[in-house]
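Right, one structure below, let's go through it.
The values are calculated or read from the model by the stated rules, or taken from the named source; none is laboratory data. In this text the structure is predicted, and so the values were computed from the model without any measurement. When we count neighbours, we look across all protein chains shown, and the Cβ atoms used for this are built from the backbone with ideal geometry, even at glycine. Note: areas computed on protein heavy atoms with side chains; ligands, DNA, RNA excluded. Shrake-Rupley method; radii C 1.70, N 1.55, O 1.52, S 1.80 Å.
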Amino acid sequence: MVYSQFVDGVLTTGSKRESWLNYNPANNNPLGEVFQANDQDIEAAVNSSEKAFHIWRTKTGAERGRVLLKAADILRSRLEKIASLETQDVGKPISESLAVDISSAADAMEYFGGMAAGIHGEFFDLKNAFGYTRPEPLGVCAGIGAWNYPIQIAAWKAAPALACGNSMIFKPSELTPATALELAKAFMEAGAPPGLFNVVQGDGRVGGMLVNHPRIAKISLTGSVSTGKKIFAGAAAHLKRVTLELGGKSPLIVFEDADIHNAVSATLLANFYSQGEVCSNGTRVFVHRQIFDSFLMKLKDRTEKIRVGDPADPDTQMGALISKAHMEKIIRFIESGKSSGATLVTGGFRPEKDFKGRDITSGNFLTPAIFTDCDDSMEICKEEIFGPVLSILCFDSEEEVIERANNTSFGLAAGVFTNDIKRGHRVIHQLQAGTCWINNYNITPIELPFGGNKQSGQGRENSLAAIQHYTQLKSVYVELGDVESPY
Ligand code: NDP
């Protein structure tokens, strides 16, 4: 199989000078060959996207919305096929791809498709005059994606960009080239002009070409903090707009009055969904001393029941990590935790058999890991691990836990479990994070803004907030009287 580019409405292998193999994380067998876009391919993609932009920007919001809504229907009608591609590419359980990834992409297209006709400016009544604003599209935007939620990331960027009248060139992660192409096909079949959503394949060099291209107006990245800094610096040279959805090391605080069953359920969701490869994960779990032992016992018990195995099996609850290299990086973090004095309570090893007794030694599998006896200064409690590893930290007072939770350069997400409504809000208001939950974790409805503070990002995705990141305001003054001139 060949993973093509999708430019000007057609699948193409581009100039075809350099290629690599894409592997299935569940067994490390090759899935197909991916061709790296070069500067000519990028030029062709920009030319095609500019052409599409000039057609698309003249459409009414309702016309644009209809295309987005139709594309969402197409995605939903192909749910099983696209979910299976995503599971093969990413290694996540098919139960997750079926329930979340594709529908979350379609939700974004329905939300922004429905809203497209309602994007409007403001009116200002002035003395003998009036004024109004027009939110105008930016032009050709570029989206650069991470590998953990490939189609969701592509749609979270494309839907608001297109609803606002822009076109988009999207570069998926080199590790997950498949499903952005399915999104591109859906837009075309829904009636989008060729080039409205182009896909170019390649590694960070291709991302760099998009960042540095003078005719690309905006970059939206989902990726790590270090890539975010490079892109911010590259975009600054052109004064380009950026949206950065970056990494985190988020706190999840469980107070002594919390519903422990729910808090344990959320801790599992906050750490082990998608093999723990989720940016907003609550990997620093602060538990009040009074409930520490019973919380840990329940958490360990339920963690050990998680069914690790073949991602294509509908009964699997945890699949394979994205690559061997990533798995090895996580194992190094686990070793670092052990050598710094933390206790590995469970997991953190490579299983030989899955929950149905199948040999899984050829895949990138790790059992979910819990560390206790942790100290805030340990590497495992400071660095983003991006795998199924959580640290439990004990605390005594509200003031203490707020200070410790905020003692990080990240600021993506935070969660609080308490049945005291006043404390819930009081604590959340003091946490330095962009996306927060009280009595749940990692729920990301399209209606709510999503994004990070501090080094976890710039700008917001989803919700009405995304519109301002894909439009620029034009102010228009209209004179109703004579021009008063001193000359
Ligand atoms: P990376 O930062 O390594 O890569 C992200 C994307 O940027 C990839 O497509 C990558 O290309 C590309 N890229 C790399 N270098 C450059 C460059 N110099 N210029 C332009 N583009 C570049 O992240 P991962 O893919 O490893 O994803 C994991 C990270 O993403 C984690 O830190 C995670 O927290 C974060 N993330 C954040 C989310 C959020 O919404 N806040 C959601 C999901 C993940 P390639 O990899 O193909 O070389």
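Structural descriptor for the chain: relative contact order 18 percent, calculated from alpha carbon pairs under 8 angstrom and at least 6 residues apart. Partner aspartates and glutamates whose Cα lies under 17 Å from the Cα of Lys454, excluding those fewer than 8 positions away in the same chain, are identified as Glu245, Glu383, Glu384, Glu403.
Note on region 400-435 and region 256-313: Cα centroid distance 18 Å, given to the nearest whole angstrom. For region 270-401, a crude dipole built from +1 on the beta carbon of Lys and Arg and -1 on the beta carbon of Asp and Glu, taken about the Cα centre, is about 500 debye to the nearest 20. To put it simply, the accessible area of the chain at a 1.4 Å probe is 52 percent carbon and sulfur. Helix-only mean residue ellipticity at 222 nm, the chain, DSSP H runs n ≥ 4 weighted -39,500 (n - 2.57), per residue, nearest 500. What is it? The helix-only estimate for the chain comes to -11000 deg cm²/dmol at 222 nm.
Spin-label model, Phe349/Ser84: points 7 Å from Cα along the beta carbon direction are separated by 3.5 nm.
For the chain, the share of DSSP beta bridges that are antiparallel, to the nearest 5, is 45%. Using only side-chain charges placed at the Cβ, +1 for Lys and Arg and -1 for Asp and Glu, the dipole size of the chain relative to its Cα centre rounds to 720 debye. Given R0 = 56 Å, the distance between the Cβ atoms of Ser336 and Asn47 translates into a calculated FRET efficiency of 0.70.
Summing Cβ point charges (Lys, Arg +1; Asp, Glu -1) relative to the Cα centre of region 100-254 gives a dipole of roughly 660 debye. Listed by chain and number, the lysines placed with their C-alpha closer than 18 angstrom to that of Lys324 are Lys92, Lys353; residues fewer than eight positions away on the same chain are left out.
When the Cα positions of Gly309, Ile119, Gly319 are compared along the charge dipole of the chain, Ile119 comes out farthest toward the positive end, with charges on each C-beta of Lys, Arg, Asp and Glu. Computed over the chain, the Cα gyration tensor eigenvalues convert (square root of 5λ each) into semi-axes of 40, 29, 19 Å, ordered from largest to smallest. The share of C-alpha pairs in region 152-265 whose separation exceeds 24 Å stands at 37 percent.
Among Leu162, Pro172, Gly139, which residue has its Cα positioned farthest towards the positive end of the charge dipole of region 107-188, with +1 placed on the Cβ of Lys and Arg, -1 on the Cβ of Asp and Glu, and the dipole taken about the Cα centre? It is Gly139. Using a cutoff of 8 angstrom between alpha carbon atoms and counting only pairs six or more residues apart, the relative contact order for region 245-389 works out to 27 percent. The Cα-based radius of gyration of region 66-222, divided by its Kirkwood radius, gives an Rg/Rh of 1.05. Could you please report the charge total around Trp20, scoring K, R as +1 and D, E as -1 over all other residues with beta-carbon less than 11 angstrom from its beta-carbon? That sum, taken over residues with Cβ under 11 Å, equals -4. Fully extending the segment from Ser15 to Lys382 would add 127.8 nm, taking 0.36 nm per residue of separation and subtracting the current Cα-Cα distance.
Solvent-accessible area per residue in the chain equals 41 Å², computed with a 1.4 angstrom probe and all protein chains kept.
Length gained on full extension, Asp375 to Arg302, computed as 0.36 nm times the residue gap minus the Cα-Cα distance: 23.9 nm.
Placing +1 on the Cβ of each Lys and Arg and -1 on the Cβ of each Asp and Glu in the chain, which of Gln468, Thr361, Ser456 has its Cα farthest towards the positive end of the resulting dipole? Towards the positive end, the residue furthest out is Gln468. The alpha carbons of region 202-312 occupy a box of 58, 35, 17 Å along the principal axes, longest dimension given first. The distance between label points at Arg358 and Asn262 comes to 3.7 nm (points 7 Å beyond Cα on the Cα→Cβ vector). Principal axis extents of the C-alpha atoms in region 325-382 (largest first, rounded to whole Å): 39, 23, 14.
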